[in-house]
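The values are calculated or read from the model by the stated rules, or taken from the named source; none is laboratory data. Just so you know, these numbers come straight off a predicted model, no measurement behind them. Note: ideal-geometry Cβ built from the backbone for every residue, glycine included; neighbour counts use all protein chains shown. Calculation scope for accessible area: heavy atoms of the full protein, side chains included, ligands and nucleic acids excluded. Shrake-Rupley method; radii C 1.70, N 1.55, O 1.52, S 1.80 Å.
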Amino acid sequence: TQLLEQSPQFLSIQEGENLTVYCNSSSVFSSLQWYRQEPGEGPVLLVTVVTGGEVKKLKRLTFQFGDARKDSSLHITAAQPGDTGLYLCAGARGAGSYQLTFGKGTKLSVIP
Amino acid sequence: GAVVSQHPSRVICKSGTSVKIECRSLDFQATTMFWYRQFPKQSLMLMATSNEGSKATYEQGVEKDKFLINHASLTLSTLTVTSAHPEDSSFYICSASRGEQYFGPGTRLTVT
């Protein structure tokens, strides 16, 4: 079973602070996706990382895929209240496979 | 874009009845769709993989006779919860695959 461990599980910070969310596994993933979900809604895809060592930036969000493709991180700079939500990482099980294994999520609260 | 819709968004039904949830990819064709279940404050749990024109593949522990999946076209998959019980109350989310998975807004099922 390929498991994804996400940490921290909960994070409450002040507006303007920086934060990092981690997603770790002992297994290799062909790709890894990050989603953001708000209460009562479906997850929204933020980014997909495919290559080991890859770094992608989306405004104040920076995503990194580990060199061995077993882990990933999401760094948010100068967090805003609008960043509040559940952040989920999900790994694809194999090349050509569309199935995803989800981490348990990080519940982020940004306090104004 | 990659828009996925779900209908209904909320449904309340009595114990013992059946409920059908529709998942549609609005602007792309998806040979593969996925059905997930999410309990409060938890991550997404994959229930089954729905393939157009063939039988769905169910995850371990998911009763295929209780959760009927039909993927009749490249833009529509349905999940029918048969003989619903209060413990089936949950947030059901579908996704459609176009390489990456794009999620619907979810359906809140409450069984009384």
Please work out if residue A:56 is open to solvent by 30 Å² or more (accessible area, probe 1.4 Å), within 24 Å of residue B:105 (Cα to Cα), charged (D, E, K, R) and outside any loop (DSSP other than H, G, I, E, B). no
For a quick check of your reading of the model, give me the residue pairs whose first member lies in segment B:32-47 and is within 17 Å of residue A:6 (Cβ to Cβ), whose second is among the aromatic types (Phe, Trp, Tyr), with beta-carbon atoms closer than 7 Å and at least 6 apart or on different chains. B:38/B:91; B:43/A:102; B:44/A:102; B:44/B:36; B:45/B:36; B:46/B:34; B:46/B:36
Condition check: open to solvent by less than 20 Å² (accessible area, probe 1.4 Å) and either of a type in the set (Gly, Ala, Ser) or closer than 18 Å to residue B:96 by Cα (or both). Does residue A:68 satisfy that? no
Every residue in segment A:1-34 that is under 11 Å from the mean Cα position of the chain (by Cα) and without any contact (Cβ under 8 Å) to a residue 60 or more places away in the chain, please. A:20, A:22, A:24, A:34
When you scan segment B:7-17, do you find a residue that is farther than 21 Å from residue A:43 by Cβ, assigned to a strand (DSSP E or B), more than 9 Å from every other protein chain (Cβ to nearest Cβ) and in contact with a helix residue (DSSP H, G or I) (Cβ under 9 Å, 6 or more places away or on another chain), even just one? no
Could you please find all residues in segment B:66-112 being part of a strand (DSSP E or B), farther than 15 Å from residue B:40 by Cα and polar (S, T, N, Q)? B:70, B:73, B:77, B:78, B:80, B:95, B:97, B:101
